[in-house]
Structure formats: C-alpha cells, structure tokens
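Engineer: Take this structure first; my questions come after.
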Amino acid sequence: MRKVFVIGIGTGNPEHITLQAVAALNQVDAFFVMDKGEVKADLVQLRKLICERYIRDHAYRIIEIPDPVRDPAEPSYTNRVEGWHEQRAVLYERALASQLGEGECGGFLVWGDPALYDSTLRILDRVAARGSVAFEYEVLPGISAVQLLAARHRIALNRIAGAIHITTGRNLARDFAELADTTANIVVMLDGELACKQIDPSGVQIYWGAYLGSEAEILVAGQLSECLTEIEQLRRSARAKHGWIMDTYLLRRA
Ligand SMILES: C[S@@+](CC[C@H](N)C(=O)[O-])C[C@H]1O[C@@H](n2cnc3c(N)ncnc32)[C@H](O)[C@@H]1O
C-alpha cells in the first residue's frame with residue numbers, strides 16, 4: 001500500500017518544523033509540490049531547502065505538479081473553487097499512480113498547518129473517494145501563520161474565556177457586522193485587499209504581520225485608525241519588492 005504524509009512545514013522559518021515532521025521527511029520517497037508559477041517560486045524554494053536541510057542518507061525525488069487555473073468565466077466563487085479542486089484531484093491521482101510505487105512513501109509539504117485554509121486534505125479525500133489509486137495517509141501538524149502572529153506580537157489570541165473567530169478578507173465586513181460577541185477576537189487571512197478598511201475602526205485594535213517567520217517579516221500593532229495608512233504603505237512596498245505578500249491580522253475591540 002502507498003503511504004502519504006501531509007506535513008505542516010510552518011510559514012517561512014525552516015526551524016519551525018517539528019521532530020515528528022523531520023522523522024516523516026526521512027521516510028518520503030517522492031515529494032509532490034504544486035508549482036504555483038514565478039510569484040510563489042520562493043515558497044517552492046523553501047520546501048526544497050527544508051528537504052536539503054533535514055533529510056539525511058535517504059534518496060528522494062521531487063515531483064512538481066502544475067497548478068490548474070481557476071476558471072475565470074465561472075461566476076460563482078464556490079463553483080470556481082470546486083472545479084479547481086476537481087482538476088487538482090485528477091492531477092494528484094495521476095501523480096500518485098504514476099510517480100509512487102506500491103509500498104513507497106509520498107509527501108505533501110503544506111504551508112503552515114494543513115488544517116487551516118489549505119485544500120490538500122480535501123483533495124486527497126477526493127482522490128481516495130475516486131478509488132482508482134489506493135493509499136493511506138497521515139497528517140502531521142505545523143505552526144500556522146495564526147500561531148506565529150500571536151507569538152511574534154507576544155499576545156494570546158483570546159481574551160479571558162473569549163471566543164476566536166477566524167475568517168477571510170472576503171467575509172470580514174459581514175462577519176464583523178454580524179458577530180454578536182463584541183469581545184470576540186477576529187483573525188483575518190487570505191486578504192488581498194486589506195478588508196479592514198471597510199469596517200468602522202473606532203475602538204478597534206489591530207495586530208498585523210506579513211511574511212511571518214521569514215527574514216522579511218514585518219509587524220505592526222496599535223489602533224486600527226492610526227495604523228491603517230502605515231500598513232497600506234508597507235503592503236504596497238513589500239509587494240513591489242518581493243512580488244507577493246502574505247499577511248494575517250487580529251482585530252479586537254477595546
Ligand atoms: C492558503 S492560506 C494558508 C494558511 C496556512 N495553512 C497556515 O496554517 O497558516 C494563506 C494565508 O495564510 C496566511 N499566511 C501564510 N503564511 C503567512 C506568513 N508567512 N505571514 C503572514 N501570513 C501568512 C495569509 O493570510 C495567507 O493569505
């Protein structure tokens with residue numbers, strides 16, 4: 001039976017790998033890497049660095065899988081993602097069947113933690129359900145951008161017994177307006193447009209972090225009304241410098 005490890009690798013610092021992940025890395029014969037084009041080349045590079053640094057005396061190969069494009073003609077976001085997942089499932093299935101022998105071990109290196117806004121597990125479930133290639137798989141957790149954000153700002157994500165709501169830039173305005181618990185802590189990910197510009201900033205604190213864990217890391221914390229312009233400028237210049245940006249932030253009312 002083929003075995004697959006889904007390994008959380010943290011968000012940019014090779015030292016954020018767990019000992020369990022290192023042990024798994026040393027069993028993997030073939031790593032499957034989604035090639036997300038030039039902009040994300042740095043992210044593919046980090047995965048390669050991790051393999052070089054932690055794998056000892058074990059031959060492995062890296063299989064790059066091209067990332068399918070989401071259909072821009074499909075008006076529904078959910079359908080677009082659904083179609084994209086199906087295309088990915090077909091590519092994963094093909095790669096597992098053709099590039100991993102019976103009894104061999106495969107590995108998917110997942111950015112941060114596989115449980116948080118990552119489609120690898122959903123896609124592997126699809127591949128398993130299609131039934132044409134048999135494999136078993138195990139998930140090894142990693143340090144997520146959210147954990148790192150809290151650590152770098154030296155804060156707990158929740159206030160005493162308070163709730164934590166994790167959402168995306170796309171849903172922030174709606175969630176912020178609808179959350180009945182005004183003491184809730186709202187973590188925002190996947191936010192290309194800095195959606196916190198759309199909410200009433202009065203009394204709201206922000207803890208923002210970009211490129212968390214990497215050498216390019218940037219942190220800003222303070223009143224949202226006072227920090228917004230600075231964060232906008234930092235995002236613009238960092239995106240121009242690196243070609244991409246990933247940021248995460250926590251909002252909480254005073
Ligand atoms: C597709 S999700 C992946 C999340 C990942 N699985 C995790 O556990 O952090 C990508 C989002 O995670 C956040 N993110 C990932 N890496 C980051 C980093 N190094 N610094 C700040 N935010 C990051 C950003 O909000 C980004 O839009």
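Engineer: Applying the selection to segment 68-127, what residues are touching a residue at least 12 places away in the same chain (Cβ under 8 Å), within 16 Å of the ligand (Cβ to nearest atom) and either farther than 29 Å from ILE166 by Cα or acidic (Asp, Glu) (or both)?
Structural biologist: Residue satisfying the conditions is ASP113 alone.
Engineer: What are the residues in segment 143-164 that are loosely packed, with under 15 Cβ neighbours inside 10 Å and within 16 Å of the ligand (Cβ to nearest atom), if any?
Structural biologist: ALA151, the sole residue that qualifies.
Engineer: Give the residue, chosen from ILE65, ILE7, that is within 15 Å of THR120 (Cα to Cα), in contact (Cβ under 8 Å) with a residue 40 or more places away in the chain and in a strand (DSSP E or B).
Structural biologist: Details: ILE65 fails: in contact (Cβ under 8 Å) with a residue 40 or more places away in the chain.
None of the other options fit; the residue is ILE7.
Engineer: Within segment 196-238, count every residue that is among the charged types (D, E, K, R) and either touching a strand residue (DSSP E or B) at 6+ places or on another chain (Cβ under 9 Å) or within 10 Å of the ligand (Cβ to nearest atom) (or both). Step through it out loud before you land on a result.
Structural biologist: Just the residues of segment 196-238 that are among the charged types (D, E, K, R), to begin with: 197, 200, 215, 217, 226, 230, 232, 235-236.
If we keep only those that are either touching a strand residue (DSSP E or B) at 6+ places or on another chain (Cβ under 9 Å) or within 10 Å of the ligand (Cβ to nearest atom) (or both) too, we end up with 217, 230, 235.
Residues flagged as among the charged types (D, E, K, R) and either touching a strand residue (DSSP E or B) at 6+ places or on another chain (Cβ under 9 Å) or within 10 Å of the ligand (Cβ to nearest atom) (or both) within segment 196-238 amount to 3.
Engineer: Which one of the conditions (1) buried (at least 18 other Cβ atoms within 10 Å of the Cβ); (2) more than 28 Å from TRP244 (Cα to Cα); (3) free of Cβ contacts under 8 Å to residues at least 60 places away in the same chain does VAL28 fail to meet, given that it meets all the rest?
Structural biologist: (3)
Engineer: Of all residues in segment 70-80, how many are open to solvent by 70 Å² or more (accessible area, probe 1.4 Å) and assigned to a helix (DSSP H, G or I)? Walk me through how you get there before you give the answer.
Structural biologist: Going through segment 70-80, the residues open to solvent by 70 Å² or more (accessible area, probe 1.4 Å) turn out to be 70-73, 75, 77-79.
Those left that are additionally assigned to a helix (DSSP H, G or I): 77-79.
Residues meeting the conditions: 3.
Engineer: From GLY12, GLY106, GLY83, GLY101, grab the single residue that is of a type outside the set (A, V, I, L, M, F, W, C) and assigned to a helix (DSSP H, G or I).
Structural biologist: Working: GLY12 fails: assigned to a helix (DSSP H, G or I); GLY106 fails: assigned to a helix (DSSP H, G or I); GLY101 fails: assigned to a helix (DSSP H, G or I).
None of the other options fit; the residue is GLY83.
Engineer: Among the numbered criteria (1) at pLDDT 95 or above; (2) closer than 21 Å to VAL146 by Cβ, which single criterion is violated by GLU226?
Structural biologist: (2)
Engineer: Residues in segment 168-216 that are open to solvent by 80 Å² or more (accessible area, probe 1.4 Å), under 19 Å from the mean Cα position of the chain (by Cα) and not aliphatic (A, V, I, L, M): how many?
Structural biologist: 3
Engineer: It is to be established whether one or more residues within segment 170-179 are touching a Phe, Trp or Tyr at 6+ places or on another chain (Cβ under 7 Å) and not charged (D, E, K, R). First the steps, then the outcome.
Structural biologist: Restricting attention to segment 170-179, the residues satisfying the condition of being touching a Phe, Trp or Tyr at 6+ places or on another chain (Cβ under 7 Å) are none.
So far as segment 170-179 goes, no, none of its residues is touching a Phe, Trp or Tyr at 6+ places or on another chain (Cβ under 7 Å) and not charged (D, E, K, R).
The values are calculated or read from the model by the stated rules, or taken from the named source; none is laboratory data. These numbers were taken from a predicted model, which means no experiment stands behind them. When we count neighbours, we look across all protein chains shown, and the Cβ atoms used for this are built from the backbone with ideal geometry, even at glycine. Side chains are part of the model used for accessible areas, which takes the heavy atoms of the whole protein and leaves out ligands, DNA and RNA. Shrake-Rupley method; radii C 1.70, N 1.55, O 1.52, S 1.80 Å.
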